[in-house]
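Data block below; observations after.
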Amino acid sequence: MPSLGGATGWLNSEPLGPAELRGHVVLVNFWTLTCINWLRQEPYVRAWSQTYRGDGLVVLAVHTPEFWFEHEIDRVRQATRERAIDYPVALDNDYAIWSAFDNHYWPALYFVDRDGIIRDDHFGEGRYEQSERVIQQLLGIDREFANIDGLGVEAEADWDHLRTPETYLGYERSEHFASPNDPAFKQRRAYEFPGRQRLSLNHWGLAGEWTIGRENVVLDQAGGSITYRFHARDAHLVLSPGTHEPIPFRLLLDEKAPGARHTASTSTRMGTACFGTAASTSSCDSTTGLASGHSRSRSWRPAPKRKRSHSAKCAG
């Protein structure tokens, strides 16, 4: 197991190293707080920590940020509270632990035996029964698997009907921009919608005055909008406000205000807004929704692994 000495901080624990972990089976989980793939994996990791802690398992979460606002420790701390993470979290803002493991994925799991040897790994969602079996084998136990059911934003994706990949609005990785005028990098510009009839599936456009940055779009004047045509049961929208104060926005589905089953909830302190299927989210029930708001969709099936910044890949 590589060194953890490059951590820039720790949550829920004093700094850990080989001496503190010796004799324990360790599950290392690389994550970043806005990643929908990690959010859907997290109920399993959390349950394994609670179920097998008494048997000698230590779950170690390594938070390696993808976006600039994910470097902020307060956002990571809030994410650990909201996801009920009570196991150690190593902050990896400098990518030192990421590099030591030669990791390239969010989320990633590394299974370490009591002698500190990595015996297995898995990237992305899925393979949950096999992963729990590996944990039991390393612990030397054999019993029923933990009962796990993800709810809300942690609920498993509707893979059978999902036709929309994760979509980035920043200049660096943006695709399928549909507004008539071409995007301008770091320049304030007035944009117009392409019109509903011209907006193809998985394309998006801007209206109003915006500045397109490297990994975000910034609304320069009130009244701007984003439109996006998607085919999915749920959408996971990521916001990155410049302040921790709540920022109101309006969401339209098929150009209509959401009804009782289509209300949106936001958590701007976390930088996320979601409309999904349970308590903290709400159902879209739309395969061609038009969403207006400062948003980015992040839902896709496990198989495609796409390059990200820092030579990283998304593993659904």
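The values are calculated or read from the model by the stated rules, or taken from the named source; none is laboratory data. Treat the numbers as computed from the prediction; the structure is a model and nothing was measured. Cβ placement follows ideal geometry from the backbone for every residue including glycine, while neighbour counts extend to all protein chains displayed.
Worth pointing out:
- Segment 6-20, residues that are farther than 20 Å from E72 by Cβ and modelled with pLDDT of 95 or more: E14, P15, L16
- Segment 174-202 - residue that is assigned to a loop (DSSP other than H, G, I, E, B) and in contact (Cβ under 8 Å) with a residue 60 or more places away in the chain and, of those, nearest to A235 (Cα to Cα): L201
For every residue, the table says whether it meets (1) in contact (Cβ under 8 Å) with a residue 24 or more places away in the chain; (2) under 30 Å from F177 (Cβ atoms); (3) not assigned by TED's automatic domain parsing to the domain that holds T32.
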| site | (1), (2), (3) |
| --- | --- |
| T51 | yes, no, no |
| L57 | yes, no, no |
| V89 | yes, no, no |
| A108 | yes, no, no |
| E125 | yes, yes, no |
| I135 | yes, no, no |
| L138 | yes, no, no |
| I141 | yes, no, no |
| P165 | yes, yes, yes |
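- Leading residue by the ranking (surrounded by the most Cβ atoms within 10 Å (Cβ to Cβ)) among those in segment 58-69 that are under 12 Å from the mean Cα position of the chain (by Cα) and within 30 Å of A19 (Cβ to Cβ): H63
- Among the residues of segment 8-31, those identified as over 17 Å from V112 (Cα atoms) and surrounded by fewer than 22 Cβ atoms within 10 Å (Cβ to Cβ) are T8, G9, W10, L11, N12, S13, E14, P15.
- In segment 241-255, the residues that are assigned by TED's automatic domain parsing to the domain that holds I73 form no Cβ pair under 9 Å with any partner that is modelled with pLDDT of 75 or more, whether six or more places apart or across chains.
- The one condition from (1) in contact with a Lys or Arg (Cβ under 8 Å, 6 or more places away or on another chain); (2) under 15 Å from E255 (Cα atoms); (3) modelled with pLDDT of 90 or more that L199 does not meet is (3).
- Of all residues making up segment 165-203, the number that are over 30 Å from R83 (Cβ atoms) and exposed (fewer than 15 other Cβ atoms within 10 Å of the Cβ): 16
- Any hit, segment 119-138, residues being in a loop (DSSP other than H, G, I, E, B), under 25 Å from E72 (Cα atoms) and touching a Ser or Thr at 6+ places or on another chain (Cβ under 9 Å): no
- Condition broken by L162, with the remaining ones in (1) within 26 Å of the chain's Cα centre (by Cα); (2) modelled with pLDDT of 90 or more; (3) surrounded by fewer than 19 Cβ atoms within 10 Å (Cβ to Cβ); (4) over 26 Å from E72 (Cβ atoms) satisfied: (2)
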